[in-house]
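To start, the structure itself, in structure tokens.
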Amino acid sequence: MLCTNCFNDEYQTTTTAKEVVINGRPQTINDVKCEKCPSCGDIVFTHTQSLVLDKKRINLEFSSKPVLTPQQLTLLREILNMKLDEICEILHIGRNSYGRWERGEVAISPSMNLLIHQFIERFPKARVNLIEAEMQAELEKAKTRYLTDSVSLGEFIRNVIQATTILLDIVSSRVGVKAGVMESIANNDLPPENIPAEISANILKYFHLTINDLRRLFDNTKKIQLVKGQISFMHARTSNYGEAAESMRARSMNKVIEKYLAEDAPKIRISVKPKYLKKISACLQKEGIGGRV
């Protein structure tokens with residue numbers, strides 16, 4: 001076939017590398033058959049070659065999506081507040097099939113895995129909680145925004161969770177504590193040295209912090225706890241009782257104290273113990289992560 005670009009030579013069959021975009025990211029498919037003009041280098045694909053290229057692109061798209069776990073499939077419904085029948089109707093999936101995937105009785109097929117991934121990508125909250133790359137990107141953005149010199153660990157965690165919409169249960173699981181403990185940390189109720197060093201190391205890793213970032217967050221937390229210990233009473237605007245009301249009062253107190261320390265408080269000199277920071281550093285070094293104090 002005569003080259004339609006220069007009209008000087010016949011196309012010859014060869015192979016090339018083709019750049020494609022998969023899930024918004026550029027990737028390369030190697031050894032793709034094509035027709036190339038030896039004179040001007042123009043490349044075209046025959047109908048058969050285009051079909052083969054499409055198959056390779058589809059296979060690459062299928063393989064680029066991690067297989068959804070039963071826990072993720074269950075969490076997806078919880079995030080979207082959907083019953084089993086509702087999500088199956090939207091996805092045109094049999095109720096029994098989705099139920100068996102959730103229970104881990106059978107593995108989800110590659111085509112269904114891709115379909116549900118495409119469904120997840122339509123919902124920002126589902127995306128950030130279920131897709132690792134999305135979660136890490138949002139954490140990095142939130143860290144840049146909320147990691148200031150005056151912020152405490154609890155305030156930083158609360159701000160990041162609110163900004164990213166990552167669920168507290170997800171954060172707790174990644175850090176390695178129960179949700180109640182994570183809430184205590186987020187409310188600055190736990191003295192930094194009372195948090196196990198390996199948990200603090202996990203907090204550092206999950207929120208993309210450095211050991212110096214963590215030291216500053218801990219120092220500001222200790223300032224808050226010092227001021228909090230000097231307050232005998234604080235009224236929170238709520239008529240509720242029980243755990244929910246107590247949690248609301250704790251958050252209200254934190255916000256007032258954090259604002260006071262950030263704007264009006266005299267300079268308070270108090271720091272986390274160096275020995276404790278060295279324990280965190282040792283945990284990081286065991287995993288090959290730099291963290292010397």
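Every read-out reported here was derived from the displayed coordinates using simple, explicitly stated rules and does not represent laboratory data. Values in this document were obtained by computation on a predicted structure and should not be read as measured data. Glycine also receives a Cβ, built like all others from the backbone with ideal geometry; neighbour counts cover every protein chain displayed.
Considered as a group, the residues in the range 5-61 that are assigned to a strand (DSSP E or B) and among the aliphatic types (A, V, I, L, M) include one that is surrounded by the most Cβ atoms within 10 Å (Cβ to Cβ), and that residue is 32. Taking each residue of the range 44-55 that is under 22 Å from residue 3 (Cβ atoms) and looking for partners that are loosely packed, with under 14 Cβ neighbours inside 10 Å with beta-carbon atoms closer than 8 Å, six or more apart or interchain, yields 44/4. Here is the figure for the range 149-169: residues that are farther than 22 Å from residue 224 by Cα and surrounded by 17 or more Cβ atoms within 10 Å (Cβ to Cβ) total 3. For residue 138, the stated conditions do not hold, so it cannot be described as exposed (fewer than 14 other Cβ atoms within 10 Å of the Cβ), touching a residue at least 24 places away in the same chain (Cβ under 8 Å) and either among the aliphatic types (A, V, I, L, M) or within 26 Å of residue 206 (Cα to Cα) (or both).
Residues in the range 143-166 that are aliphatic (A, V, I, L, M), within 23 Å of residue 197 (Cα to Cα) and not in a helix (DSSP H, G or I): 147, 151. Here the range 74-92 is the region considered, the condition is being under 15 Å from residue 122 (Cα atoms) and touching an Asp or Glu at 6+ places or on another chain (Cβ under 9 Å), and the residue that is surrounded by the fewest Cβ atoms within 10 Å (Cβ to Cβ) is 80. Checking each residue in the range 100-109 for being in contact (Cβ under 8 Å) with a residue 12 or more places away in the chain and either exposed (fewer than 14 other Cβ atoms within 10 Å of the Cβ) or under 17 Å from the mean Cα position of the chain (by Cα) (or both) picks out 103, 104, 107. Against the list (1) under 28 Å from residue 272 (Cβ atoms); (2) acidic (Asp, Glu); (3) over 18 Å from the mean Cα position of the chain (by Cα), the condition residue 140 fails is (3).
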